[in-house]
1. Name the residues in the range B:247-275 that are of a type outside the set (Lys, Arg), free of Cβ contacts under 8 Å to residues at least 40 places away in the same chain and surrounded by fewer than 19 Cβ atoms within 10 Å (Cβ to Cβ), would you?
2. Residue check, A:Val151 against (1) out of contact with any helix residue (DSSP H, G or I) (no Cβ under 7 Å at 6 or more places or on another chain); (2) of a type outside the set (Lys, Arg); (3) within 14 Å of chain B (Cβ to nearest Cβ), all met but one. Which one?
3. Taking the condition buried (at least 22 other Cβ atoms within 10 Å of the Cβ), away from chain B (no Cβ under 14 Å) and within 24 Å of the chain's Cα centre (by Cα), does A:Glu243 pass?
4. Would you mind finding the one in A:Ala83, A:Ala92 that is of a type outside the set (S, T, N, Q), in the same structural domain as A:Arg111 (by TED's automatic domain parsing) and over 23 Å from A:Gly156 (Cα atoms)?
5. Please verify whether A:Gly130 is more than 14 Å from chain B (Cβ to nearest Cβ) and away from the ligand (no atom under 16 Å from the Cβ), treating the condition exactly as stated.
6. How many residues does the range A:402-433 contain that are of a type in the set (A, V, I, L, M), more than 25 Å from A:Glu70 (Cβ to Cβ) and assigned to a strand (DSSP E or B)?
7. Looking only at the range A:139-157, how many residues end up being in a loop (DSSP other than H, G, I, E, B) and either buried (at least 22 other Cβ atoms within 10 Å of the Cβ) or more than 16 Å from the ligand (Cβ to nearest atom) (or both)?
8. Could we say that A:His61 is within 16 Å of the ligand (Cβ to nearest atom), closer than 30 Å to A:Gly430 by Cβ and in contact with an Asp or Glu (Cβ under 6 Å, 6 or more places away or on another chain) here?
Amino acid sequence: MSRYLLKKARILGGEATDIYLEDGRIFAIGSDLAVADAIAPEVEVIDATGLIALPGLVDLHTHLREPGREDAETVDTGTQAAALGGFTAVHAMANTDPVADTAGVVEQVWRLGREAGHCDVFPVGAVTVGLKGEQLAELGAMADSAARVRVFSDDGKCVADPVLMRRALEYVKAFDGVVAQHAQEPRLTEDAQMNEGELSGRLGLRGWPAVAEEAIIARDCLLAAHVGSRLHVCHLSTAGSVEIVRWAKSKGWNVTAEACPHHLLLTDELAATYDPIYKVNPPLRTAADVEAVRAGLADGTIDIVATDHAPHPHEDKDCEWQAAAFGMLGLETALSIVQATMVDTGALTWADVAERMSYAPARIGRLEDHGRPLAEGEPANVVLYDPAVTRTVEASEMASLSRNTPYAGMELPGRVVATFLRGRPTVLDGKLA
Amino acid sequence: MKKHLLSAGDLTRDDAELVLATAAEMRALADRPIKKLPALRGRTVVNMFFEDSTRTRMSFEAAAKRLSADVINFAAKGSSLSKGESLKDTALTLEAMGADAVVVRHWASGAPHNLANAGWSTSSVVNAGDGTHEHPTQALLDAFTMTRHLGDLDGRRIAIVGDVLHSRVARSNALLLQTLGAEVTLVAPPTLFPLGVETWGVQTSYDLDAVLPKADAVMMLRVQRERMNASYFPSVREYSRRYGLDARRMGALQDHTIVMHPGPMIRGMEITADVADSERSVIVEQVTNGVAVRMAVLYLLLGGSEPAVSTSSTNEGDEENNA
Ligand SMILES: [Zn+2]
């Protein structure tokens with residue numbers, strides 16, 4: 001049985017203290033904790049001087065690609081990447097092959113996560129059969145399955161039909177579920193390639209207008225209010241979307257929203273390279289949008305950061321922009337990007353980071369043993385993070401099976417030193433344990 | 001000049017003027033009995049066409065052959081839906097065959113950039129039209145044609161009329177003509193302007209009749225009928241009525257004003273037959289000039305070691321600087 005004493009860790013960036021993990025729980029917190037001689041040989045002592053202790057991170061939006069695209073990622077490799085990024089729980093999106101639209105598939109993914117053991121995997125159930133947007137999937141069966149699904153999403157596609165969206169929002173109330181919407185009006189984005197604006201016109205790439213996201217978010221907020229249900233907005237990317245969610249929250253409606261690390265850092269200017277590594281959905285937006293998304297995350301309009309980790313094999317990115325797949329890796333760089341864009345800029349404290357990347361996503365996903373404070377008696381899901389170092393991102397060093405990181409060669413602050421899942425290290429010294 | 005010609009925006013005014021001057025020498029050659037130059041002997045030019053365009057391919061082929069280059073034609077069909085031949089694999093194959101220049105036509109905007117920058121190829125890349133992005137040699141041949149009729153383009157007013165949104169010709173012309181000092185006005189219904197066109201440095205207008213009397217050249221762009229189905233305009237009739245160039249509108253032009261079209265034309269849609277065949281029309285000449293301009297581009301990019309035309313006064317120093 002593993003026992004760990006983390007010496008001089010700064011919980012949420014506070015004063016240095018010791019944290020003792022035993023039995024999968026945080027057993028004690030205090031300065032200069034001493035271990036009884038009798039068990040001392042069994043206790044691994046880790047010098048955490050200068051390291052920040054955060055609750056294990058929770059990702060509400062991960063594509064693990066298994067089943068179906070094991071050439072891009074598997075549950076095993078994807079959760080390794082998650083652990084290295086400081087995550088102890090990820091929500092696996094439903095757009096696999098077969099689609100996670102039945103109890104059988106979500107249980108399969110859930111079981112694969114347990115077997116891999118790097119971090120807990122909570123499958124997201126599809127809202128509609130085959131993500132086709134025509135007929136509700138058996139949401140109740142997925143909720144009642146061993147996987148206990150609470151988050152439902154057709155992510156990758158938008159539940160565009162307003163009646164279907166209304167019914168989904170209503171139906172999930174029976175098991176306290178949430179519909180996580182990929183907000184993209186399909187007719188306004190046919191063959192869309194990048195943010196519609198000055199640059200798309202120059203580059204001759206078909207535009208993905210902000211209004212196609214904002215119109216759906218506005219509609220869904222109104223629907224959620226009308227039927228009294230929970231709505232979660234995936235990967236919000238525009239200034240207008242921030243305004244709409246802020247307005248919906250001001251009404252007291254039960255709406256939550258997420259922003260992705262890449263929408264906090266990168267802008268549509270990168271499309272001018274025609275390098276599809278920067279092709280993502282929703283697309284990279286303007287610098288003004290990035291500012292608005294940061295401000296929304298800072299003031300709590302945007303509840304969480306979620307990665308939208310989207311692995312793709314090399315050949316799907318080493319081609320013409322128009323032929324390339326949408327999406328970029330995110331798990332192994334998320335915390336560094338949040339540090340660079342939000343913490344180092346003074347917009348968020350480390351306590352805020354814990355809220356945005358652990359507590360809040362766990363609440364939205366209705367997870368009980370994740371997103372808990374670092375306090376005695378709580379589950380020992382802990383990250384030790386060194387904010388003082390800088391590192392150069394190397395795509396080839398990533399645990400993900402895919403290499404499609406837009407940050408390759410970039411210098412980012414911070415490094416995950418250790419991750420503990422229920423008291424057991426999944427990462428030590430920055431490497432898989 | 002740079003190693004590649006990917007965008008008309010890559011050309012400085014000096015670059016563009018050098019191309020036009022070289023093209024004039026090449027054009028003079030067309031009037032001689034022997035139309036071939038040894039300038040690119042032993043060099044290989046590959047025409048890589050991922051989208052049908054017989055006229056552009058033939059123009060480049062004729063240009064390369066008149067410079068005595070070896071020409072390889074490669075054609076592959078595809079689209080974003082049926083990827084077909086991969087650009088990368090094709091590039092690697094052609095690279096192995098020792099291509100000095102690759103002329104690429106592609107349905108995807110940016111494909112020539114990928115070819116030039118992704119490390120697949122070390123050849124000079126000439127963009128022969130990519131998606132809805134650019135078509136720089138078309139802009140050069142248009143400018144060349146204009147200078148032959150209008151002289152220096154400084155301060156000249158050029159109207160470009162039609163489907164600007166989907167037109168690579170409009171994008172390249174807007175860039176090049178401004179570089180050459182012309183005043184460009186784009187004319188289209190609001191649905192066929194791209195967002196942000198106001199940042200292009202050009203004038204825009206929805207009113208063709210207001211623009212025509214001031215224009216020194218009027219370039220009509222092709223408008224595909226299918227655009228009607230996507231509600232860019234209500235009907236062919238309405239489009240023609242508001243934005244087509246017919247004999248009545250032609251009457252509003254100044255005496256010296258020329259009428260251009262990059263082809264292929266849809267007679268009766270954006271231009272009527274009597275206008276296309278009128279004395280003002282330089283549409284056929286555009287095709288002839290296309291070969292001369294493409295000769296100049298290939299010659300300058302590949303840095304021909306001898307003067308392009310033996311009787312010309314081009315000095316070698318210039319060539320080295322501009323190779
Ligand atoms: Zn999505």
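The values are calculated or read from the model by the stated rules, or taken from the named source; none is laboratory data. Note that this is a predicted model, so its numbers are computed, not measured. Quick reminder, even Gly has a Cβ in these numbers, built from the backbone with ideal geometry, and neighbours come from all protein chains shown.
1. B:Ala247, B:Gly251, B:Asp255, B:Gly268, B:Ala273, B:Asp274
2. For A:Val151, the failing item is (3).
3. Judged against the criteria, A:Glu243 is not a match.
4. On the way: A:Ala92 fails: over 23 Å from A:Gly156 (Cα atoms).
Just a single option satisfies the conditions, and that option is A:Ala83.
5. yes
6. 5
7. 9
8. Yes, satisfied.
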